[in-house]
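**Q** Handing you a structure now.
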Amino acid sequence: MKRFAIAFSLVVFLLMGCYAMYYSSTLDRTYSGTKLSEVLKNEQNYDMNKPDGVANIIVRENLKRTKSVNAVTAVVFDYRGYDTLGESFILLTAIAGSVVILKSHKKGSDHDEGQE
């Protein structure tokens with residue numbers, strides 16, 4: 001039963017990933033296709049005053065939406081706030097797990113020395 005549950009979970013995860021890839025392929029492009037190397041070679045040929053897509057929203061409406069002067073801070077803590085919160089939770093869980101493992105290992109080694 002456990003193997004079936006694991007296999008079923010993997011199949012569902014794979015199907016959800018395929019659907020997400022298909023759905024994202026149907027969305028409009030937000031990137032103009034300009035390569036950074038081309039911009040650096042001929043800067044005067046590219047107009048960088050009008051960003052497109054999400055960058056346009058962040059540049060134009062950053063201060064009004066987030067009340068943050070720094071655009072990087074706005075992206076990390078406002079636009080990607082839940083993602084950052086999730087990453088912090090994973091980090092804290094890993095630290096707590098490491099502490100529990102190391103403390104139990106330390107108690108086990110003290111116990112082994114007492115038996116000898």
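The values are calculated or read from the model by the stated rules, or taken from the named source; none is laboratory data. The structure presented is a predicted model; accordingly, all values stated were derived computationally and were not measured. Cβ placement follows ideal geometry from the backbone for every residue including glycine, while neighbour counts extend to all protein chains displayed.
**Q** Quick one: in segment 17-61, of everything that is of a type in the set (F, W, Y) and at pLDDT below 75, which residue is nearest to A71 (Cα to Cα)?
**A** Filtering first and then ranking leaves Y31.
**Q** Something else about it: Quick check on my filter: what residues within segment 62-77 are under 22 Å from S88 (Cβ atoms) and not in a loop (DSSP other than H, G, I, E, B)? Can you show your working first?
**A** First, the residues of segment 62-77 that are under 22 Å from S88 (Cβ atoms): 66-68, 70-77.
Passing the criteria: T66, A71, V72, T73, A74, V75, V76, F77.
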